[in-house]
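Chemist: So that we are looking at the same thing, I have put the structure below in structure tokens.
The values are calculated or read from the model by the stated rules, or taken from the named source; none is laboratory data. Computed from a predicted model, the values in this text were never measured in an experiment. Neighbour counts are summed over all protein chains in view; Cβ atoms, including those assigned to glycine, are modelled from backbone coordinates with ideal geometry. The accessibility values were calculated without ligands, DNA or RNA, using every heavy atom of the protein model including side chains. Shrake-Rupley method; radii C 1.70, N 1.55, O 1.52, S 1.80 Å.
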Amino acid sequence: MRTQVAIIGAGPSGLLLGQLLYKAGIDNIIFERQSADYVLGRIRAGILEEVTVALLNEAGVGERVQRDGVVHHSIELVFAGARHPIDVHGLTAGKVVTAYGQTELTRDLMEARAAAGLTTIYEAGNVVPQGFDGEQPFVTWTIDGATHRMDCDFIAGCDGFHGVSRATVKDRVREFERVYPFGWLGVLSDTPPVSPHAIVYGNSERGFSLCSMRSLTRSRYYVQCPLDDKVEDWSDARFWDELRRRLDPALAEAIVTGPSIEKSIAPLRSFVAEPMRFGRMFLAGDAAHIVPPTGAKGLNLAATDVKYLSTALISYFKDSTNEGIDSYSGKCLSRIWKAERFSWWLTSLMHRFPDTAGFGQRMQDAELDYLVHSRAASTVLAENYVGLPL
Ligand code: FAS
Ligand code: PHB
């Protein structure tokens, strides 16, 4: 069997790449180790940059996000018991972010792929990228005990942080990592968001909190929690009470509580693997980098990796030029490191660290005060939050 591009992973990176290549007439097959339902069951990102929404439109799957996505012109910072709006739209000459769950984005891409009759091999066991240092790469996988082989021209490792692609070249990557000494406890509830027109980031003496949404009837909230906490340690009542304690009184009062329909604890890390190209294999998305979700960059970075990679592969196949594939890694990493910096900075500013005390706390307080009272400082936050230009 043969295809032009073998994609490992049917998360947002793999599915978006498959769709953009298909739209350009480039044959591709996706190998996913989980079932489609399992992939859809993961609750993750929720905030899309304009660049990402534009890519969904380019891929022909922008209809629902245009209809159901909740556009935000501002974010709010809550600290010292007060709320401070940041007019992201005004500070960036009109840019916005859109609240639209990764689950829905993944569903849109899955449905478009199925409608186009494209092949995704779900529950593919032991997927292994091979031969990518030569001219004839291929992927092997097992299903029902039988091993299969797919020859291809290129392999895209879109298989996330725990995938096989980066693991296959682990002796050839340079890894950069920072693990944070806390996690995020996230709750999804079918309740109206407390702040339908702004994503609210809180820094209180009890720790970080975040008020977000998936729609005007479905909210997404987070509180910083110790890394050794377990989801079962957190009843709904305890979560709502803790969230309220971390917000200003008016916002706390306005929270509409309800049963959690999803509750999970995610660890936070900053991570980059360099380079992102190995002969005829490319890494994209979480396979190559992870950011703490504070800056809402993870999914958006994956989307721009895919934009660069799809453009490079299309120019290879259509124009017989290697320029795009040769510059892919450097181009991605330049953008990735700026998003890593922003995500690390906002995480450092908005969370309480074990050693955040005394001088360190005064530094946080001073930076927050400066951030919300200086147009220049607010502009730096705003332009990174909406996403730097491609
Ligand atoms: P993904 O991890 O989404 O997808 C990789 C796919 O590859 C998966 O379907 C996996 O099953 C498959 N795979 C793995 N190994 C394989 C193998 N050996 N063979 C075949 N398939 C294999 N980002 C934000 O912007 N905001 C957030 O709030 C946020 N919250 C997150 C919470 C959690 C718990 C996690 C893990 C991530 C979160 N992220 C968030 C980041 C997240 O949204 C990612 O950026 C996004 O899923 C990246 O998409 P992919 O690169 O496709 O990787
Ligand atoms: C979310 O809605 O899940 C979300 C919003 C903003 C973030 C991270 C996650 O910074």
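Chemist: Counting DSSP beta bridges with both partners in the chain, what percentage is antiparallel, nearest 5?
Modeler: 75
Chemist: Hey, can you rank 269-275, 295-301 by average C-beta count inside 10 Å, highest first?
Modeler: 295-301, 269-275
Chemist: Right, here's the next one. Picking from Ala339, Ala116, Ala312, which is most flexible by a Gaussian network model of the chain using Cα springs under 10 Å?
Modeler: Ala116
Chemist: Continuing with the same structure: Ordering Arg246, Arg352, Arg206 from largest to smallest accessible area (1.4 angstrom probe), what's the sequence?
Modeler: Reading off the accessible areas and sorting them downward yields Arg206, Arg352, Arg246.
Chemist: Next question, about the same structure. Take Thr379, project a point 7 Å from its Cα along the Cβ direction, then tell me which residues of region 65-102 have their backbone nitrogen under 13 Å from it.
Modeler: Backbone N within reach: 90-94.
Chemist: If you don't mind, another one. In whole percent, how big is the carbon plus sulfur part of the accessible area of the chain, probe 1.4 Å, protein atoms only?
Modeler: Accessible surface attributable to carbon and sulfur in the chain totals 52 percent.
Chemist: Using only the C-alpha atoms of the chain, find the volume of their convex hull and express it per residue in Å³.
Modeler: Once divided by residue count, the hull of the chain is 143 Å³.
Chemist: Could you work out how far helix 375-385 tilts from the main Cα principal axis of the chain, as a 0 to 90 degree angle to the nearest 10?
Modeler: Around 40 degrees separate the two axes.
Chemist: Roughly how big is region 226-307's charge dipole about its Cα centre, with Cβ charges of +1 (Lys, Arg) and -1 (Asp, Glu), in debye to the nearest 20?
Modeler: Charge dipole of region 226-307: 480 debye, to the nearest 20.
Chemist: I'd like to compare 193-201, 353-361, 285-293: which one has the highest average count of other Cβ atoms within 10 Å, and what's the full order after that?
Modeler: Peptide ranking by packing, descending: 285-293, 193-201, 353-361.
Chemist: Still on this model: What is the sum of charges around Ala302, taking Lys and Arg as +1, Asp and Glu as -1, for the other residues whose C-beta is under 12 Å from the C-beta of Ala302?
Modeler: After counting each charged neighbour, the total is 0.
Chemist: Roughly how far apart, in whole Å, are the Cα centres of region 296-323 and region 185-234?
Modeler: What the calculation gives is 33 Å, centre to centre.
Chemist: Same structure again: Below 8 Å between Cα atoms, with a sequence gap of 6+, how large is the relative contact order for the chain in percent?
Modeler: Normalised by residue count, the contact order of the chain is 20 percent.
Chemist: With unit charges on the beta carbons (Lys and Arg positive, Asp and Glu negative) and the dipole taken about the Cα centre of the chain, which residue among Pro137, Pro193, Ala366 sits farthest to the positive side?
Modeler: The listed residue farthest towards the positive side: Ala366.
Chemist: Work out the length of the dipole vector of the chain about its Cα centre, built from +1 on the beta-carbon of each Lys and Arg and -1 on the beta-carbon of each Asp and Glu, and round it to the nearest 20 debye.
Modeler: Dipole of the chain, to the nearest 20 debye: 280 debye.
Chemist: Further question: Counting alpha carbon pairs within less than 8 Å and at least 6 residues apart, what relative contact order, in whole percent, applies to region 249-338?
Modeler: Worked out over region 249-338, it gives 23 percent.
Chemist: Out of every Cα-Cα pair in region 171-276, what percent are more than 21 Å apart?
Modeler: Cα-Cα pairs in region 171-276 separated by more than 21 Å: 39 percent.
Chemist: Taking the Cα atoms only, what angle lies between the long axis of helix 359-373 and the longest principal axis of the chain, rounded to 10 degrees?
Modeler: The angle comes out near 90 degrees.
Chemist: Checking the table Lys170/Lys263; Lys230/Lys338; Lys230/Lys297; Lys23/Lys263; Lys297/Lys318; Lys95/Lys263 against a 29 Å threshold on Cα-Cα, which pairs fail?
Modeler: Lys170/Lys263; Lys230/Lys338; Lys23/Lys263; Lys297/Lys318; Lys95/Lys263
Chemist: With a 1.4 Å probe and every protein chain left in place, work out the accessible area per residue of region 163-214 in Å², rounded to a whole number.
Modeler: On a per-residue basis, 39 Å².
Chemist: Among Ile325, Ser315, Pro267, pick out the residue whose Cα is farthest towards the positive end of the charge dipole of region 262-331, where Lys and Arg carry +1 and Asp and Glu carry -1 on C-beta, about the Cα centre.
Modeler: Sorting the options by dipole projection puts first Pro267.
Chemist: Further, regarding this structure: Tell me which of Gly298, Leu17, Met110 sits at the most positive position along the dipole axis of the chain, charges placed on C-beta atoms (Lys, Arg +1; Asp, Glu -1).
Modeler: Gly298
Chemist: In degrees from 0 to 90, rounded to the nearest 10, what is the angle of the helix 323-350 Cα long axis to the longest principal axis of the chain?
Modeler: With both axes taken from Cα atoms, the answer is about 20 degrees.
Chemist: For Arg335, Arg33, what's the largest-to-smallest order of accessible area, 1.4 Å probe?
Modeler: Heavy-atom accessible area, descending, gives Arg33, Arg335.
Chemist: Roughly how far apart, in whole Å, are the Cα centres of region 22-91 and region 336-351?
Modeler: Distance between centres, Cα-based: 19 Å.
Chemist: What does the charge count near Val65 come to, summing +1 for each Lys or Arg and -1 for each Asp or Glu among other residues with Cβ under 9 Å from its Cβ?
Modeler: With Lys, Arg at +1 and Asp, Glu at -1, the neighbours total -2.
Chemist: Further question on the same structure: If we sort 61-71, 16-26, 177-187 on the protection proxy, mean other Cβ atoms within 10 Å, highest first, what's the order?
Modeler: 16-26, 177-187, 61-71
Chemist: Would you mind telling me which residue in Ile143, Ile325, Ile255 has the biggest mean-square fluctuation in a Gaussian network model of the chain, where springs connect alpha carbons within a distance under 10 angstrom?
Modeler: Ile143
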